[in-house]
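Each remark here refers to the structure printed beneath this line.
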Amino acid sequence: MDTYRLKHIMVVDDDPSHQSMVLSALGRMGYECEVASNAFEALEKLSEDSFDLVISDIVMPEKDGIELMKEARALLPDLDFIIMTGHSGDYSYSDIVAAGARDYLMKPFTKAELKARLERIERERGNELELRKHRDHLEKLVTKRTAELDSANKRLRQVQKLEAIGTLAKGIAHEFNNILTPIMAFSEIMLEQAAEDDSFREELQIIVDSACRARDLVSQIMTFARTEGAERQIIRMGPFLKEIMKQARSSIPATIKVDVNILTKKDVVMADPVQIQQVVMNICTNSAQAMQEGGGALEVRLQDAVIMPESMEIRALGVKPGPYLKLTVSDTGHGMDQTIVDRIFDPFFTTRQPGEGSGLGLSVVYGIVADYGGTITVETAPGRGTTFCVFLPGAEHELAEEPFTVSSSSGTGKCILVVDDDKLVLLAAVGILESLGYRVVAITSSLEALELFRATPDELSLVITDLTMPHMTGLELAEELHKIRPGTPIILCTGYGGMTNRGDAAATGIVETVRKPFSRQTMAEAVQRVLRDGATPFIPLMRK
Ligand SMILES: Nc1ncnc2c1ncn2[C@@H]1O[C@H](COP(=O)(O)OP(=O)(O)OP(=O)(O)O)[C@@H](O)[C@H]1O
Ligand SMILES: [Mg+2]
């Protein structure tokens, strides 16, 4: 603790001999002092100079020591007083203290008594200052903590907002996919059937393209809405990455040149497409933001990588040695210094203005990549751009390479039962399947479909069912159908909102899933694959 020393003291006394006695005692103790012979003089000096203490006689003509103290403290609340009092005064000791004096001295007093009083005041003042220091420090801490809590609350509200947007987006996407399915299917069918010189061909192509764009948009919206568990499936990263970047292009300023280089054919990973899209989009969005000012170049590259057992640098990040798919995103943006790099994967760390970024982008990326047993590295320097490398473990098994050819004769008259409570989606499926040469029985009620199947199980080569339907869901229907004829191939048709998990689907014998809105090509491939391979174990495939 720092010791406190009174620096400037004023002695107020109308008795010159007492005045000089006090003055000389103080002087010998080393204090700097001034004197006043009455309260008015004292008040004047107080207004001109600064004092730490006033030692005032109590009985003085016109204005006594207590009145002086009250007036002075009204102007200088921190000024301390010692009141010198005789035996026969108007005031008692308690009156003096109640009036605000720090202490009192009974006349006559010795130099030792005076010294003891002054030392006590200095000790008390020292303690008070120390306390004030602690209090100020505490106040600062409370202010800082309050600000932190405020910003945590803001972040929480932001996360809740994102969740709400996600739920809304999920609902919209589900509905939209149902609406888009007939638009996409019928325009494709009409295009397929239109003669080469038909004047409507161009318009039909515009409808098909617009529907595809709408489908892509819905899938983009769905990146927010990933509220369900990850749905891993085999993904061919090359084409998928190109597709993601095609969608991303519209949100990247034209001043940024975008290059996508697929440098490997071994591009198969087992992952949730929505999560992969999030990984790519979050990293690319950051890159685009880093080049917003002056433009630049964004390169997205896909290549093989093998993490060797001795590659300590990457292994230190906790990944197993083995084959990986390496996704590199390089930008020529403003880069980062080490203090930022150290925190970029922290949830809610952001250098953006309030409202411009939640600081969740890279933490989500990190979480997803780590979940897949992969890792992510970053190389950057201020003004030198940034390169992120994402390592994803390669899938053990690859997709069958056999290409699918869709022709109107592929159906060979086989009969397919299609169940969907949305009439237009049902009509779209029927249109596509009939155009492929299949015979189709279409039913909007899952209960009726079950009855029909019970009556003629052997007539139907395949069942295609919607997932979300009243009374009996697609999964429940599949389960019932399998009780009647085990091994019946079933394709589950879902919008994003109703995605099921792998385990549920496998347990009911579903062999394939098709996402809405489906194109003629997607449906044809799924049906041909199932009818060719029969009821193989459930591996939902992502194909466009
Ligand atoms: N390519 C990059 N170039 C420069 N700085 C980057 C780059 N990528 C990330 N950063 C820095 O890392 C921070 C964290 O990124 P992150 O994506 O987690 O959050 P955000 O972009 O700030 O917000 P959000 O992604 O939630 O909108 C950014 O604020 C930015 O400072
Ligand atoms: Mg970001």
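Side notes on the structure shown:
- Over every Cα atom in the stretch 231-393, the radius of gyration and the widest Cα-Cα span, Dmax, amount to 15.2, 44 Å.
- According to the Cα-based calculation, Rg over Rh for the stretch 1-44 is 1.06, with Rh computed by the Kirkwood formula.
- For Asp458, solvent-accessible area (1.4 Å; no DNA, RNA or ligand), Å²: 130
- Phe186 - accessible surface, heavy atoms, 1.4 Å probe, Å² rounded to 10: 70
- The Kirkwood radius of the stretch 8-109, taken over pairs of alpha-carbon atoms, gives through the Stokes-Einstein law at 37 °C and 0.692 mPa s a diffusion coefficient of 246 µm² s⁻¹.
- Counting heavy atoms of the protein chains alone, His334 has an accessible area of about 110 Å² for a 1.4 Å probe.
- Backbone geometry of the stretch 175-180 corresponds, through the Karplus equation with coefficients 6.51, -1.76 and 1.60 at θ = phi - 60°, to 3J(HN,Hα) couplings of 5, 4, 4, 5, 5, 6 Hz, x marking Gly and Pro.
- Across the protein chains, with a 1.4 Å probe defining accessible surface, the residues Phe51, Phe81 rank Phe51, Phe81 from largest area downward.
- Cross-link pairs Lys242/Lys516; Lys257/Lys320; Lys7/Lys140; Lys265/Lys320; Lys70/Lys133 - those with Cα-Cα distance over 25 Å: Lys257/Lys320; Lys7/Lys140; Lys70/Lys133
- Average accessible area per residue (Å²) across the stretch 43-122 - probe 1.4 Å, nucleic acids and ligands excluded: 51
- In sequence order, calculated HN-Hα J values of the stretch 290-296 (Karplus, 6.51, -1.76, 1.60; Hz; x Gly/Pro): 6, 10, 4, 5, x, x, x
The values are calculated or read from the model by the stated rules, or taken from the named source; none is laboratory data. Every value quoted in this text rests on a predicted model; they were computed, and no experiment measured them. We work out accessible area using only protein heavy atoms, side chains counted, and drop any ligands, DNA or RNA first. Shrake-Rupley method; radii C 1.70, N 1.55, O 1.52, S 1.80 Å.
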